[in-house]
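Visitor: Quick one: the structure is below, and I'll ask about it shortly.
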Amino acid sequence: MLVILAFQPLLVVALLVALIPALLVARDSGHITFASYDMTTADGRRAAYFDGLLMSDAAAKELRLFDLAPWLLAQRQAYAQRVIERRLQAAWATSKGFVMAAVVSAGAQYLALAFVAYQAVTGRITLGDFTMLATALVVVRQNLSQALANLGELLENSLFFGDLERFFNFRPKIATPSAPRPLPSIEGYEFTFEHVAFTYTGAPSPVFQNLSFELRAGEATALVGVNGAGKTTIVKLLTRLYEPERGRILLNGVDIREFPLEDYRAIFGVILQDFVRYHLTARENIQVAKVSAPPDLGRLEEAARQARADEVIKSLPLGWETMLGRQFDEQGQALSGGQWQRIALARASTGTPRS
């Protein structure tokens, strides 16, 4: 660039001015591309969901029984096609702008080269000067074009970084208080629900209101009710997966929100009706309940014995190291629903304190 400036500064100015359309296109294309991804996110997720169902071991039985595969595949293709069409529209819109900007930039370069050639033909510069200037013009335009392309990518990515920054700045609503109280002794945990009310977000009516009862140490309590009565919701509130809309839940007379969240949750052994079937080894399937603690095979064996999962594990080809499920290993073992329940029950009781 210094060579061109020394010869004729206006040539550099002309090249820079000619790149203004490319700069504007780069700015607009970033917004167009970001908008296309934003608009197709929901359809892309739906397509991925149908992909997952088509490849899911858990869904395989119903897919065969109801002959769902053709319908699911058609749904997947429809959503994927919408994503492709919208992103192609965005790509076409940006490519037209880039082509026009490239024509303007190339035209400026050719005019500059013609001017330099005219200077050489009229004898105002030597052939060596012409070669040097022509090379410099080409290199400068290439470098400026690459810089603009990088700037365009930066502008486009900055829009995505905005979403990423908002995600990183997200803070959970349920967290450990700034000055937590230590958990009480493991002996004699007692829970009290005091006038608790809870409504799921978007639900037309509360699950329950003014709910009060006690869970006493040493007692086995069964919650009985129709579907939707709130049995699972009580467990979620008790384990602080949700917070009550009104009222309090007490542990030995202290509001559970005053305890360290991780320590508080660690006192529970929970098995939900939609428990996870991990495609891991039998040992890992039970050990995941206490991944923060050093591996303790004795504790795992005791938990398996209590849940009668030890009988399942003994029947496996490699015992504790047998892979459960076939997602990653064709030699993995497919368990029955009842066997999976025993594994999940052992996981829930691993290291769980008793009160």
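Visitor: GNM, the chain, Cα, under 10 Å: largest mean-square fluctuation among 221, 233, 199?
Guide: Largest GNM mean-square fluctuation: 221.
Visitor: Further question: Assigning unit charges at the beta carbon (Lys, Arg +1; Asp, Glu -1) and nothing else, what dipole magnitude in debye, to the nearest 20, does the chain show about its Cα centre? Walk me through the numbers before you get to the answer.
Guide: Values: 35 positive and 34 negative charges, 86 e Å.
Around 420 debye, computed over the chain.
Visitor: Moving to a separate point now. Anyone know which of 154, 335, 127 comes out most mobile in the 10 Å Cα GNM of the chain?
Guide: In the Gaussian network model the winner is 127.
Visitor: Would you mind computing Rg(Cα) / (2.2 N^0.38 Å) for the chain, counting N as its residues? If you can, show how the numbers build up before the last one.
Guide: Numbers: Rg = 33.2 Å, N = 355, 2.2 N^0.38 = 20.5 Å.
Rounded to two decimals, the normalised Rg is 1.62.
Visitor: Shifting gears a bit: Each residue of the stretch 209-214 in turn: what ³J(HN,Hα) in whole Hz from Karplus with 6.51, -1.76, 1.60 and θ = phi - 60°, glycine and Pro shown as x?
Guide: Calculated HN-Hα couplings, in order: 9, 6, 7, 9, 6, 10 Hz.
Visitor: Would you mind computing, in nm to one decimal, how far apart the modelled labels at residue 268 and residue 138 are, each placed 7 Å from Cα along Cα→Cβ?
Guide: Rounded to a tenth, the inter-label distance reads 7.1 nm.
Visitor: Are there GluC sites (Glu not before Pro) in the stretch 98-191 that DSSP marks as loop and that have at most 10 other Cβ atoms within 10 Å, and which are they? Numbers along the way, then the final one.
Guide: On the way: sites: 153, 156, 165, 187, 190; in loops: 187, 190.
Those that pass, being in a loop and sparsely packed, are 187.
Visitor: Pull up all non-local amide H partners of residue 255: gap of 5 or more, or a different chain, and H-to-H distance under 5 Å with H placed in the peptide plane.
Guide: Here the answer is none, since no amide H 5 or more places off falls under 5 Å of that of residue 255.
Visitor: Given the options 268, 50, 168, which has the most mean-square fluctuation in a GNM of the chain, springs set between C-alpha atoms less than 10 angstrom apart?
Guide: 168
Visitor: Another question, if that's okay. Mind giving me the FRET efficiency for residue 114 and residue 93? R0 is 25 Å, r the Cβ-Cβ distance, nearest 0.05 is fine.
Guide: Values: r = 33 Å, r/R0 = 1.31.
Approximately 0.15, to the nearest 0.05.
Visitor: I need to check one value: relative contact order of the stretch 191-265, counting alpha carbon pairs closer than 8 Å and at least 6 residues apart, in percent. Before the final figure, lay out each step's value.
Guide: Details: 99 pairs, mean separation 28.7, N = 75.
Relative CO of the stretch 191-265 lands at 38 percent.
Visitor: Let me ask you something else. Around residue 246, which amide H atoms from residues at least 5 apart in sequence, or from another chain, sit under 5 Å from its own amide H, with H modelled in the peptide plane?
Guide: HN-HN under 5 Å from residue 246: 197.
Visitor: Restricting to Cα pairs below 8 Å that are 6+ residues apart, what does the relative contact order work out to for the chain? Please round to a whole percent. Write out the running numbers ahead of the final one.
Guide: Numbers: 397 pairs, mean separation 52.2, N = 355.
With pairs under 8 Å counted, the relative contact order is 15 percent.
Visitor: Charges only on Cβ, +1 for Lys and Arg, -1 for Asp and Glu: so what's the dipole of the stretch 191-265 about the Cα centre, in debye to the nearest 20?
Guide: Values: 8 positive and 9 negative charges, 42 e Å.
Here the size comes out at about 200 debye.
Visitor: Which listed residue (253, 48, 139) has the Cα farthest towards the positive end of the charge dipole for the chain, taking +1 on Lys and Arg C-beta and -1 on Asp and Glu C-beta about the Cα centre?
Guide: 139
Visitor: Another question, if that's okay. What is the Cα centroid distance between the stretch 127-164 and the stretch 199-252, reported in whole angstrom?
Guide: So the separation of the two Cα centres works out to 62 Å.
Since every read-out is calculated from the coordinates, none of them should be taken as a lab result. Note that the structure is a prediction, hence the values are computed from the model and not measured. Cβ sites come from the backbone with ideal geometry, for glycine too, and all protein chains shown count toward neighbours.
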